[in-house]
Amino acid sequence: MAYSNQTWVNEFSLLGLSNDRKTQIYLFVLFFIMYLVTMLGNFLIIHLIRLDIRLHTPMYFFLSILSIVDICYMNSTVPQMLIHFLSSRKSIPFHNCVFQLYVSLGLAGTEFFLLGAMAYDRYVAVCFPLHYTVIMHEGLCMALAIVCWAAGFLNSLMETIITFRLPLCKDVINHFVCETLAVLRLACVDISFNKIMVTFSGFVVIMLPCSLVLFSYAQIVRAILRIRSTRGRHKAFGTCASHLTVVSLCFGATIFTYMWPRTTSTVELEKMIALFYTVVAPMLNPMIYSLRNKEVMSALRKALGRISEEK
C-alpha cells in the first residue's frame, strides 16, 4: 500500500474474539469470573505475606511483587475486554491504545525479568543454603525488583515508540487488545525493521531471563542430585517446583508468540495464546504457588483461624 494512502487514526476498532452476540455473553461471564478469581487470589497472597512473619523472606518478597504485576497486568486489558463483550461499538482511542500497549508490554517484561530473579533466588537457596541470608539480603532483593521494573518499562518504551511512529493505513485491529504484532499489521510501509526490533526485544526480555532460569535450574538439579537422603531431595525440589511450573507456562506461550516464524494462519492462534498469558496465567499463578506451598497454606489456615476466633 502506498504511503500516500496513510490516514490519521483517532481511534481503533478491535475485532475481539467473536462476532456472535450469544458467544460474547458467555465469554463475558467466563472472563468476569476468571477476573474475580485472579484479583482474589493475588490480593490474598499479598495479604498473607504481609501478615505472616514466616513469609518475610526473599522468595515471598518476589512472589508478592509477581502478584502485584499480575494484578496490574490483568487490569490493563481485561476490564476493557469485558466492556467490549457487552458493547456493540468496540473501539479504543488512539492515545488509550498507545498507553495500553506501553503498560501491558512493560508489565509483561517486568514479569519475565522477575521470574529470572526468582530463579536466581532459588539457585542461591539450594546451592548455597548456609550463605543464603547473607547473599539475598534486603538491599539486593530491592535492587533486583527495581531493575526488573525499570528494564521491563524501558524495553516497552522503545517498542511502543517505534510501533506508533509508523504511518497507519487501517484502523481495525484484529485482536482483543492493542498488541504489538496486531498494530504492526496496520502499517502502510515496510515493517521489516520493526520485526527485527520485536525479535531483538523478545530476545532481551524473554530469552535472557529464560537462559538465566535454565542455568539456575541446571545448577539446582546438580545440587539436588548430590543430596543423599530422599527426603532432602524432595524438600529441595519442592522449593522450586511451583516457580518452575509458572516459568514453563509464561515463557512457553510467549516464546511461541514472539519468537516463532510468523504466517498468516497464526493470527487467530496468536489471539488464543495472548488470551492465555493475559487472563489464564495471572489466575493460575496464585493457585500454583498456594496449593503447592505448605508455608502459604499454613499461613492461610492461621489467618482463617484468627477470623473464626474473632467471630
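The values are calculated or read from the model by the stated rules, or taken from the named source; none is laboratory data. Everything numeric here is computed off the predicted structure, so don't read it as measured data. Neighbour counts run over all protein chains shown; Cβ positions are idealised from the backbone, glycine included. Only protein heavy atoms, including side chains, enter the accessible area calculation; ligands, DNA and RNA are left aside. Shrake-Rupley method; radii C 1.70, N 1.55, O 1.52, S 1.80 Å.
Total residues in the range 49-94 satisfying the condition of being open to solvent by 20 Å² or more (accessible area, probe 1.4 Å), of a type in the set (D, E, K, R) and either within 19 Å of the chain's Cα centre (by Cα) or closer than 27 Å to SER298 by Cα (or both): the figure is 2.
One line per residue, one yes/no per condition, for (1) open to solvent by 10 Å² or more (accessible area, probe 1.4 Å); (2) under 23 Å from GLN80 (Cβ atoms); (3) at pLDDT 85 or above:
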position: THR133; (1), (2), (3): yes, no, yes
position: ILE191; (1), (2), (3): yes, no, yes
position: PHE203; (1), (2), (3): yes, no, no
position: ILE220; (1), (2), (3): no, no, no
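Residues in the range 95-106 that are open to solvent by 40 Å² or more (accessible area, probe 1.4 Å) and over 14 Å from PHE153 (Cβ atoms): 2 in all. Does LEU157 satisfy the criteria of being modelled with pLDDT of 90 or more, open to solvent by less than 10 Å² (accessible area, probe 1.4 Å) and aliphatic (A, V, I, L, M)? For LEU157, the condition - modelled with pLDDT of 90 or more, open to solvent by less than 10 Å² (accessible area, probe 1.4 Å) and aliphatic (A, V, I, L, M) - is not met.
A quick yes/no check of all residues on (1) in contact (Cβ under 8 Å) with a residue 12 or more places away in the chain; (2) out of contact with any helix residue (DSSP H, G or I) (no Cβ under 6 Å at 6 or more places or on another chain); (3) of a type in the set (A, V, I, L, M, F, W, C):
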residue: ARG54; (1), (2), (3): yes, yes, no
residue: THR57; (1), (2), (3): no, yes, no
residue: ILE68; (1), (2), (3): yes, yes, yes
residue: ILE71; (1), (2), (3): yes, no, yes
residue: ASN75; (1), (2), (3): no, yes, no
residue: ILE83; (1), (2), (3): no, yes, yes
residue: SER88; (1), (2), (3): no, yes, no
residue: ILE92; (1), (2), (3): yes, yes, yes
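Within the range 1-22, can you find the residues that are hydrophobic (A, V, I, L, M, F, W, C), open to solvent by less than 100 Å² (accessible area, probe 1.4 Å) and at pLDDT 50 or above? Across the range 1-22, the qualifying residues are VAL9, PHE12, LEU14, LEU15, LEU17.
The single condition among (1) at pLDDT 90 or above; (2) open to solvent by 30 Å² or more (accessible area, probe 1.4 Å) that LEU114 does not meet is (2).
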